[in-house]
Amino acid sequence: MSAPTLPSALVDATRDDASLRRFLHGLPGVDQVGVEARATALATRSIKKSSKLWAIDTAISMVDLTTLEGADTHGKVRALTAKARRPDPDRPDTPQVAAVCVYPDLVATAVEGLKGTGIGIASVATAFPSGRSSRQVKLADVALAVESGATEVDMVIDRGAFLEGRYGEVFEEIQAIREASGRAHLKVILETGELVTYDNVRRASWLALLAGGDFIKTSTGKVSPAATLPVTHVMLQAVRDWFTATGELRGVKPAGGIRTTKDAIKYLVAVHEVAGEQWLTPELFRFGASSLLNDLLLQRRTQHDGHYSGPDYVAVD
């Protein structure tokens, strides 16, 4: 189980399954009381009115505008890409979103709708959301997405294997998906709501980073709880520590349950305070969301106009 592309300081950690287990279980334990207290304290921090518009525009630029329903249609994806290009048609200075996220069979429709925009085309893969299938099927899932034009792949780890301690198996699968994704950015979904403990979240974060994930992502949005601030703190600590150890910048994507501007600002404060200011960019932090964008747009209008605009003024998905 070798990883020749890893920084030399961490190659030994992936030499074999025993080395990987020793490394992951040697990580410092997470202080549950401490991380929850800090998340709560930072969540109460207010920002100046002059900074709020910047925060809203930054959050909009970080949104992966998502539809992942069994009833998704080509028409719905075309509407989503139109909204991604021009989130508020009456306000052309509104930033575009970071990406649109769809199922693999709808990637081609998203590509057509986003041509020439620079907006990312993300696709879930690897038997999303459960991750319960053969390696062959998962790789075929990724191939369909990439061949259809996906520039980002959001894979799910095998939580059953992770929870049973089969870390080498999870590591090798992420590496295989990394290779199959080619030049596409790889986001590794941990499904933190199923990992039970913060220590497991830290181990899964490092496992994904060691295996080559460009981003670590909290959730599929199909399991409760989805993204939470304390879990995101643990993941931000992981990418910060990874940068300290390797000099490489990796990203974080909380997904699921982030619905309001107030929520988004709490996460931006966490990014600034836990990881650092350089993570306040769509290249290193994303929101996986569907309804969040609507509230950001309404609050943006409020900041500009000085009064609240109802949802009738913004296209609701």
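The values are calculated or read from the model by the stated rules, or taken from the named source; none is laboratory data. All values derive from a computational prediction rather than experimental measurement. Note that we place each Cβ from the backbone using ideal geometry, even for glycine, and neighbour counts take in every protein chain shown. Quick note on the areas: whole protein, heavy atoms, side chains included, nothing else; ligands and nucleic acids left out. Shrake-Rupley method; radii C 1.70, N 1.55, O 1.52, S 1.80 Å.
From the set of residues in segment 145-176 that are over 22 Å from Gly193 (Cα atoms) and in contact with a strand residue (DSSP E or B) (Cβ under 8 Å, 6 or more places away or on another chain), which is surrounded by the most Cβ atoms within 10 Å (Cβ to Cβ)?
Applying the filter and picking the extreme gives Ala145.
Ala275 - would you say it is open to solvent by 10 Å² or more (accessible area, probe 1.4 Å), farther than 28 Å from Val111 by Cα, at pLDDT 95 or above and of a type in the set (Gly, Ala, Ser)?
Yes; evaluated as a whole, the condition is true for this residue.
Could you grab the pairs with beta carbons closer than 7 Å, sequence gap of 6+ or different chains, first residue in segment 107-136 and over 18 Å from Leu68 (Cα atoms), second one surrounded by 15 or more Cβ atoms within 10 Å (Cβ to Cβ) and of a type in the set (Asp, Glu)?
Sorted first by the residue in segment 107-136, then by its partner, the pairs are Arg135/Glu173.
Return a yes/no flag: does segment 167-180 have any residue that is of a type outside the set (S, T, N, Q) and in contact with a His (Cβ under 7 Å, 6 or more places away or on another chain).
The answer is no; no qualifying residue exists.
Out of segment 148-185, which residues are acidic (Asp, Glu) and touching a Pro at 6+ places or on another chain (Cβ under 8 Å)?
Residues satisfying the conditions do not exist here.
Mind listing just one residue for me: the one in segment 20-36 that is part of a loop (DSSP other than H, G, I, E, B) and surrounded by fewer than 16 Cβ atoms within 10 Å (Cβ to Cβ) and, of those, farthest from the chain's Cα centre (by Cα)? Break it down stepwise before answering.
Of the residues in segment 20-36, the ones part of a loop (DSSP other than H, G, I, E, B) are 26-31.
Applying the additional criterion that residues be surrounded by fewer than 16 Cβ atoms within 10 Å (Cβ to Cβ) yields 26-29, 31.
Details: Gly26: 26, Leu27: 23, Pro28: 24, Gly29: 23, Asp31: 24 Å.
That would be Gly26.
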